[in-house]
Amino acid sequence: MPIHWARRKPTASQARLERAILSLGGSTLAAAPCAAIEASEPPRAVRDSWPEADRITAVVMPLLALYRPARKYSRQRLHDALGESGHPLLGLGGSRAVFALPDGNVLKVEYDSHAMVNGSSNLREAAVWSETYYPEQYAPVIAAARDGRWLVMARTTSLSKQDLRSHRSALVDLETSDINHASNAGWFCGRIVLHDYAI
């Protein structure tokens, strides 16, 4: 699935979609921006630059290099080190770390070089967002590094296991994510969406 990279000067429809996503700024229930996101059609453009992404990635990568599942470094020590760096960690997976951005979005940093060789999770998510005909079922991707090091995504609100059991049928047709884990989905625009769909 190809990624449609945004032009340096975005088209009117690209600019409207990006404004809609950014206007939410951490608020996931504003009706007008949500309607604009749902009405968007593929291909959706993904920006390849973001003001804070490269700077934060450069700060956190050396700290993330300390963490390897097979080593004795604990997640708590990594959380503490990242917190002291001024970039608190929201989540840590097998190949990516997720950080809150000041603008209300999240930054996903790919730190596992083996995962990058096999195909970047960030680039897979950017491709899915760019091409999906069901944008209402995914957290929007705003920007991604062309090499897959980082990705900026709209932030969702936490989902409980009970929420997932109650609303799973809305996501059953999706083949891009493991919908059995509440940690892969969240609330956005008043509905449950996937925010980890690189599988």
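Failed condition for residue 10, given (1) modelled with pLDDT of 75 or more; (2) surrounded by 15 or more Cβ atoms within 10 Å (Cβ to Cβ), with all others met?
(1)
Please determine whether any residue of segment 184-192 is out of contact with any Pro (no Cβ under 9 Å at 6 or more places or on another chain), at pLDDT below 80 and at negative phi. Explain how you work it out, then say what you get.
In the first step, residues of segment 184-192 are kept if they are out of contact with any Pro (no Cβ under 9 Å at 6 or more places or on another chain); the result is 184-187, 190-192.
When the remaining residues are screened for being at pLDDT below 80, the result is none.
No.
How many of the residues in segment 130-141 are modelled with pLDDT under 90 and either assigned to a strand (DSSP E or B) or of a type in the set (Phe, Trp, Tyr) (or both)?
3
Does residue 47 meet the test of being charged (D, E, K, R), modelled with pLDDT of 70 or more and under 19 Å from residue 147 (Cβ atoms)?
Working: charged (D, E, K, R): yes; modelled with pLDDT of 70 or more: yes; under 19 Å from residue 147 (Cβ atoms): yes.
Spelling it out, residue 47 is indeed charged (D, E, K, R), modelled with pLDDT of 70 or more and under 19 Å from residue 147 (Cβ atoms).
Name the pairs whose Cβ atoms lie under 6 Å apart, with the first residue in segment 134-152 and surrounded by fewer than 24 Cβ atoms within 10 Å (Cβ to Cβ), the second part of a strand (DSSP E or B) and not hydrophobic (A, V, I, L, M, F, W, C), and 6 or more positions between them or separate chains?
So the pair list comes out as 143/47; 148/110; 149/110.
For residues that are touching a Leu at 6+ places or on another chain (Cβ under 9 Å) and part of a strand (DSSP E or B), tally how many sit in segment 91-114.
Selection size over segment 91-114: 12.
Can you pull out every residue in segment 34-62 that is surrounded by 14 or more Cβ atoms within 10 Å (Cβ to Cβ) and hydroxyl-bearing (Ser, Thr, Tyr)?
Of everything in segment 34-62, those that are surrounded by 14 or more Cβ atoms within 10 Å (Cβ to Cβ) and hydroxyl-bearing (Ser, Thr, Tyr) turn out to be 40, 57.
When you scan segment 79-89, do you find a residue that is surrounded by 15 or more Cβ atoms within 10 Å (Cβ to Cβ) and at pLDDT 80 or above, even just one?
yes
The values are calculated or read from the model by the stated rules, or taken from the named source; none is laboratory data. A quick note: this is a predicted structure, and the numbers were derived from the prediction, not measured. Please note: Cβ atoms are built from the backbone with ideal geometry, for glycine as well, and neighbour counts cover all protein chains shown.
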